[in-house]
Amino acid sequence: MNSFKLLVPAVVAALAQVTSPALSQPMEKVKVATSFLGNWDTSQPSYCKDRGEFAKAGLDVEVINTRGGSENIQAVVAGGMDIGYTPGVNAVFAAYAQGANIKVISAEFRGQNDTYFYVPQDSPIKSINDLHGKTIAFPRPGGASESLVLALKHDMKLDDLKPVATGGLDATYTMTMTKQVDVGFSFPPAMLANVEKGDVRILFSGDAVESQRNLTGRVNIANRDFLKNKRPVVEKFMRVLDKCIDQAYADMDASAKWYGALNKVDLSIAKKALTFYDRSTLNFGPILGLDEVMKMAVDGKFINKPLTPAQVKDLIDIVYTTPKK
């Protein structure tokens with residue numbers, strides 16, 4: 001018996017020596033800047049974190065919210081954040097052309113169907129054809145929404161349509177309802193309750209701009225130094241996040257509950273908002289329609305001339321691609 005008593009502590013101590021290193025492995029820190037927390041696609045890092053999937057993979061992910069493409073990129077350029085999630089591709093091209101220390105690590109969203117435009121219920125504007133000579137809102141210069149408005153103007157030959165930067169959603173709503181701008185913009189689920197009440201009408205969503213449907217509008221970027229030093233960590237972050245997105249679409253009821261709570265909207269509104277987002281549009285990998293995207297960046301005066309092949313090779317370093325389903 002005495003031998004057994006002596007043996008047990010020794011065994012426990014030996015097991016502790018074997019298991020403690022694995023259990024004490026440090027978590028890899030990743031700081032992520034997202035744009036417009038509350039949009040379904042831009043909220044995915046927060047959803048994945050809330051579900052504990054990053055922690056299970058050994059990632060300590062910090063998520064902060066920014067107010068659009070330029071602010072998102074600046075957070076990464078300054079070195080405060082490691083990854084910029086969902087800045088507009090035009091803003092990324094512009095930042096790179098100005099010497100920003102960034103790399104594009106993947107496409108993030110195909111098309112721009114999650115941006116929609118609305119008018120007051122009593123507006124005489126009934127369709128896109130009525131936009132000649134009107135003003136249309138977008139958030140801030142350099143974002144994906146501005147490129148969408150510029151593409152609309154070009155595609156529909158609306159030469160006299162005037163884009164106006166109106167900032168946040170609440171300010172845009174006020175300006176639209178007080179007729180300071182003719183057409184407001186929003187992202188689901190914001191303003192969908194107003195649509196349901198009949199205060200405003202949805203005029204069109206992003207997919208109505210045909211030239212944008214199959215182009216990459218938003219990308220993911222990383223601080224160049226962070227990618228160089230922590231490439232496996234960046235790859236793991238993207239892989240875990242992609243798996244989380246699959247899980248979110250596999251249980252849309254749970255996703256709608258989380259999304260509704262995040263945005264403080266009714267479950268019915270949350271479910272309606274998610275109809276704007278098909279899983280296939282949240283797709284990591286190469287930039288789709290790169291030549292056309294580059295041309296639009298030049299036409300929109302984000303950059304003075306197309307990036308050279310050498311610059312494109314230097315800027316774009318795809319770390320992870322969503323597997324084909």
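Ordering 80, 64, 288 by Cα displacement along the dipole of the chain toward the positive end leaves 80 in first place; charges were set at the Cβ atoms of Lys, Arg (+1) and Asp, Glu (-1).
Distance from the Cα centroid of region 308-324 to that of region 94-114 is 10 Å (rounded to whole angstrom). First select every other residue whose beta carbon is under 13 angstrom from the beta carbon of residue 47; then total the charges, Lys and Arg +1, Asp and Glu -1. The answer is -2. Within region 116-212, DSSP assigns beta bridges of which about 60% are antiparallel (rounded to the nearest 5). Rounded to two decimals, the Cα-based Rg/Rh of the chain, with Kirkwood Rh, is 1.08. Charges were assigned to the Cβ only: +1 to each Lys and Arg, -1 to each Asp and Glu. The resulting dipole of region 116-212 about its Cα centre is roughly 160 debye. Beyond 22 Å in Cα-Cα separation lie the following of the pairs 49/257; 230/295; 126/197; 29/49: 230/295. The order of 103, 295, 236, going from fewest to most other C-beta atoms within 10 Å of their C-beta, is 295, 236, 103. 3J(HN,Hα) couplings calculated from phi for region 270-287 with the Karplus curve 6.51 cos²θ - 1.76 cosθ + 1.60 (θ = phi - 60°) are, in sequence order, 4, 5, 5, 4, 5, 5, 6, 10, 7, 4, 5, 7, 8, 9, 7, x, x, 6 Hz; Gly and Pro show x. Roughly how many whole Å is it from the C-alpha centroid of region 230-251 to that of region 129-152? Rounded to whole Å, the Cα centres lie 32 Å apart.
Remark on residue 86: its backbone amide H falls under 5 Å from those of 219, 220, 221, a criterion applied only to residues 5 or more positions apart or on other chains, H modelled at 1.01 Å from N.
Quick note: the coordinates plus some simple rules give every number you see, no bench work behind them. Source: prediction; values computed, not measured. Backbone-built Cβ (ideal geometry, glycine too); neighbour counts: all protein chains shown.
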